[in-house]
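For reference, the structure is listed below as structure tokens.
Coordinate-derived values only; no laboratory data. Here the structure is a predicted model, which is why all the values come from computation and not from measurement. Cβ atoms come from the backbone with ideal geometry, glycine included; neighbour counts cover every protein chain shown.
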Amino acid sequence: VGAASTGPGRVAQVVQTFPSPAQYSMGLAWDGTFLWVCGGVSDGVIYRLDPRDGSILGNYDIPVHKLRGLTMGGGYLWTSSWDTEEIYKLTVAPVLIVDSFPAPFPGKPHGLTWDNGSLWIGEEGKDDEAGRIHRVDPATGVIERTISPPGGCCNNPRGIAWDGKALWVGYQATSGRIFRIDPATGVRFESFEAPSGHYQQG
């Protein structure tokens, strides 16, 4: 299925699809070999998947529920929880929580991505805080930079990725679009229709 983009001459193309093992997938991470996915309803299970067909290679239960966001960085997995409003650092062999820090903003933490030693964390908030994305030092929990959503359009950044130059952000309530945005200003470079409609999460 092709999806038109707002950028000239660019089209997003779905190249592979398989079912998620989680009841409601809220985070997706890539470690260079495997895909990792976490569910976001009541359990605290993180799955390791074969990217060729989505088969489950491992499932790991951690003592934190309502997981939101997942990324790999610095040799660790990182996730967050709506229940505790904390960000967690996990080893992968075995999958264990080794550190955590409270979200350094008033809203709920959601999307996560790793950027050369820092974490970008989406904030699902209200009013003036709605839809902000923060670059955070994971060692101290201190915010290094904050950007607002593109054009003030969105209040729930539920999936974030970093490509080395730009952030890719899926906002749940934006007519089902994924945005490529400037990490310094939040300005929209381009956007694509999401193959999942309004509910892009990881």
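Once both labels are positioned 7 Å from their Cα atoms along Cα-to-Cβ, the gap between A139 and N59 label points is 3.8 nm. Tell me the label-point distance for the pair V15, A184, using the 7 Å Cα-to-Cβ offset, in nm and rounded to one decimal. A separation of 3.0 nm, rounded to one decimal place.
Here K66 is the anchor, and the lysines within straight C-alpha reach of less than 20 Å, apart from those fewer than 8 places off in the same chain, are K89, K108, K126.
Rounded to the nearest 20 debye, the dipole magnitude of the chain is 420 debye, with +1 charges on Lys and Arg beta carbons, -1 on Asp and Glu beta carbons, and the Cα centre as origin. Highest mean first, the peptides 97-107, 153-163, 25-35 sorted by other C-beta atoms within 10 Å per residue fall in the order 153-163, 25-35, 97-107. Estimated from the Cβ-Cβ distance and a Förster radius of 35 angstrom, the FRET efficiency linking V98 and D50 is about 0.85. Projecting the Cα atoms of L90, F18, F101 onto the charge dipole of the chain (Cβ charges, centred on the Cα centre) puts F18 farthest toward the positive pole.
Per-residue packing, averaged as other Cβ atoms within 10 Å, sorts the ranges 184-193, 113-122 into the order 113-122, 184-193, beginning with the highest. Using equal-weight Cα scatterers in the Debye expression, the normalised intensity of segment 48-202 in log10 at q = 0.13, 0.17, 0.20 Å⁻¹ is -0.57, -0.97, -1.30.
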